[in-house]
Amino acid sequence: MDAEHVSALNPLARGFYRPSADIVAPRLLGHWLVRNTPQGPCGGIIVETEAYLTGDAACHAFNGETKRNRVMWGPPGHAYVYFIYGNHWCFNVVCLPAGQAEAVLVRALEPRFGLDFMRARRRVAEDRNLSNGPGKLCAALAIDRTHDGVDLCDADTPVFIARNPGLRRTLHQSGPMITTTRIGITQAADLPLRFYLDGSVYVSRRAKPTP
C-alpha cells in the first residue's frame, strides 16, 4: 500500500470501541494500525489481540484508577500505552464508556507500508520478526509514552486505527480466527481472551494443538 492509499483510510468510529474489550478485540483483527511519522505513514494489519476486562485480575484497572492507568477510565477509542519489564512499550485500545476501564492489547501486526522506517528501528533478518509481538510492534512503529491518550479516531493524530475496506477478503486470506488463552501473565491466565488470524505468519505465538 502506498502513501496515497493510506491517506484515504478512514479511522474506525468511536462507537466501535464502546462495547466490552472481549467484543472489540476479535473485531479489530484485519483492520489497519497506522503510525503517522515525519517520514510518512507506516503500519499494517492487526493480526493478534488480547482483551482485558472489568473484574479481570490481569487487567491494569483491577485495583482502581492510578496515574498509570488513568487513560483506561476515559472515553473509548484512545490509546493506552505502558512500559513493561523495564524494556518494552505496549499499545492498547481503550474500550467501554468513560468511568469504566477495559482495554485491548494489540499483540501483533502484519507490516504493509513504511517498512524502511520499521526496519531502521528493528534490525532483524526477516520482516516477519518486525512486529510479531507487542513490544516489537511498538519498537518498529516508534510508539512510546508520548502516545498515551492519543485519539485513535482521528487520522491527524500520531497513531490511529483505520477501517479496512477489504476486511472480508483479509479475514478470508489470513483466517481462520483462533480464540485461545493470553500470554505472559500469571493471573487469570486460563481465560480465552486472545484472538489471532491463524493464516498470518506475523502472529507472536500459536496455541498448542489439542491432543
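Bear in mind that the values in this text are calculations on the coordinates, not laboratory data. These figures come from a predicted structure and were not determined experimentally. Cβ: placed from backbone, ideal geometry, glycine included. Neighbour counts: every protein chain shown.
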Are any residues in segment 134-167 in contact with a Gly (Cβ under 8 Å, 6 or more places away or on another chain), more than 17 Å from PHE16 (Cβ to Cβ) and not in a helix (DSSP H, G or I), and if so, which ones? GLY149
Any residue at all in segment 82-102 that is under 15 Å from THR49 (Cα atoms), touching a Gly at 6+ places or on another chain (Cβ under 7 Å) and of a type in the set (Asp, Glu)? no
Please specify each residue of segment 16-33 satisfying the condition of being of a type in the set (A, V, I, L, M), more than 18 Å from ASN129 (Cα to Cα) and buried (at least 20 other Cβ atoms within 10 Å of the Cβ). ALA21, VAL24, ALA25, LEU28, LEU29
Within segment 107-133, can you find the residues that are hydrophobic (A, V, I, L, M, F, W, C) and either farther than 17 Å from LEU29 by Cα or touching a Cys at 6+ places or on another chain (Cβ under 8 Å) (or both)? PHE113, LEU115, PHE117, MET118, ALA120, VAL124, ALA125, LEU130
Name the pairs whose Cβ atoms lie under 8 Å apart, with the first residue in segment 126-146 and farther than 22 Å from PHE195 by Cβ, the second among the aliphatic types (A, V, I, L, M) and outside any loop (DSSP other than H, G, I, E, B), and 6 or more positions between them or separate chains? ASP127/LEU115; ASP144/VAL81; ARG145/VAL81
For the subset of segment 62-102 comprising residues that are of a type in the set (Gly, Ala, Ser) and assigned to a loop (DSSP other than H, G, I, E, B), which member is surrounded by the fewest Cβ atoms within 10 Å (Cβ to Cβ)? GLY86
Residue hits (segment 125-167; of a type in the set (Gly, Ala, Ser) and in contact with a Pro (Cβ under 8 Å, 6 or more places away or on another chain)) are SER131, ALA140, ALA155, ALA162
When you look at SER204, is it touching a residue at least 40 places away in the same chain (Cβ under 8 Å), within 20 Å of ASN129 (Cβ to Cβ), crowded, with 18+ Cβ neighbours inside 10 Å and more than 14 Å from the chain's Cα centre (by Cα), yes or no? no
State whether the residues of segment 52-61 include one that is part of a strand (DSSP E or B) and under 27 Å from ALA155 (Cβ atoms). yes
So GLY44, is it small (Gly, Ala, Ser), assigned to a strand (DSSP E or B), crowded, with 20+ Cβ neighbours inside 10 Å and under 13 Å from the mean Cα position of the chain (by Cα): yes
Return a yes/no flag: does segment 22-30 have any residue that is part of a loop (DSSP other than H, G, I, E, B), acidic (Asp, Glu) and on the phi < 0 side of the Ramachandran plot. no
